[in-house]
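What follows draws every value from the coordinates through simple rules; no lab data is involved. A quick note: this is a predicted structure, and the numbers were derived from the prediction, not measured. Counting neighbours? That spans all protein chains shown, and the Cβs are built from the backbone with ideal geometry, glycine included.
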Amino acid sequence: MLYRAVFFDRDDTLNIDPGYLNDPSEVKLFPGVPEGIANLKAVCDFKIVVVSNQSGITRGLVSNNTVDLIHNRINEILSEFNTSIDAFYYCPYHPDYDPPEKTICRKPSPYMIVQAAEELKLDLKKSYLVGDKYSDIECAINAGVKPILINYNQDKDLINLLKKDGKTPNFVASNFNAVVNFIISDSLGDSN
Ligand SMILES: [Mg+2]
């Protein structure tokens, strides 16, 4: 059997992004994130997977080890709500620093989602990707999962650009609770 998944971008989707976050003690999740993830797992049995571009690594600003410690810290916070992220995937490369065969993992490529689907046995057609950037929505479309834009600062230009380019997300949310409510109600039609 295949699992449904909700993929999340990390920075400015789950946690506030100070710019190349490099200190686990500075992880701050947006309001509603722990409760929302707990709900998605409890109500719909979703796998929760982070897919993140972390070019700070190839830029020499953050180490792989620190990124792993940041992910441990996120799950430590979630454990207080009896929930967790099932897997973290990240792409440490950037075209300014690395050859194409390495940057293939970088969103908007669907590479990390395809890899997760194989490793975790996921049904991508019944899965979602939530992110705050144009490249997240493109990645969702490339991977064949449902795109959701989380738009905390109500950036109308981004929404209009996506529409103009024929990449309108299935849903646009201004807070995390709205994302969770949409996915739970939308996925009810997909439950068989
Ligand atoms: Mg982001």
Expected output is a single nm value to one decimal: the length gained when fully extending between residue 134 and residue 43, i.e. 0.36 nm times separation in residues minus the C-alpha distance. What is it?
29.9 nm
Point-charge dipole on Cβ atoms (K/R +1, D/E -1) for the range 47-156, about Cα centre, debye to 20:
260 debye
Points 7 angstrom from Cα along the Cβ direction at residue 155 and residue 75: gap in nanometres?
3.0 nm
Of 66, 110, 14, which is farthest along the charge dipole of the range 1-147 in the positive direction, counting Lys and Arg as +1 and Asp and Glu as -1 at C-beta?
110
Pull the list of the chain cysteines that no other Cys approaches to under 4.7 Å, Cβ to Cβ.
44, 139
Return the long-range amide H neighbours of residue 8 (sequence gap of 5 or more, or a different chain), with a cut-off of under 5 Å between placed amide H atoms.
49, 50, 51, 130
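Can you list the chymotrypsin sites (Phe, Trp or Tyr not before Pro) in the range 1-72 that are in a DSSP coil and have 15 or fewer other beta carbons within 10 angstrom?
Working: sites: 3, 7, 8, 20, 46; in loops: 20, 46.
Passing both the DSSP loop test and the Cβ count: 20.
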Of 47/102; 41/125; 28/167, which sit over 25 Å apart, Cα to Cα?
47/102; 28/167
Take the alpha-carbon centre of the range 114-145, take the same for the range 39-75, and report the distance between them in whole Å.
15 Å
Given R₀ = 41 Å, FRET efficiency for residue 25-residue 164 by Cβ-Cβ distance, to 0.05?
0.50
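Tell me the trypsin sites (Lys or Arg not before Pro) within the range 106-182 that lie in a loop according to DSSP and have at most 12 other beta-carbon atoms within 10 Å.
In loop regions of the range 106-182 (DSSP not H, G, I, E or B), the sparsely surrounded trypsin sites (Lys or Arg not before Pro) are 121.
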Which of the GluC sites (Glu not before Pro) across the range 94-192 are loop residues per DSSP, with 15 or fewer other Cβ within 10 Å?
none
Cα lying deepest toward the dipole's positive end in the chain, options 99, 54, 169, charges on Cβ:
169
With +1 assigned to the C-beta of every Lys and Arg and -1 to the C-beta of every Asp and Glu, and no other charges, what is the dipole magnitude of the chain about the Cα centre in debye, to the nearest 20?
460 debye
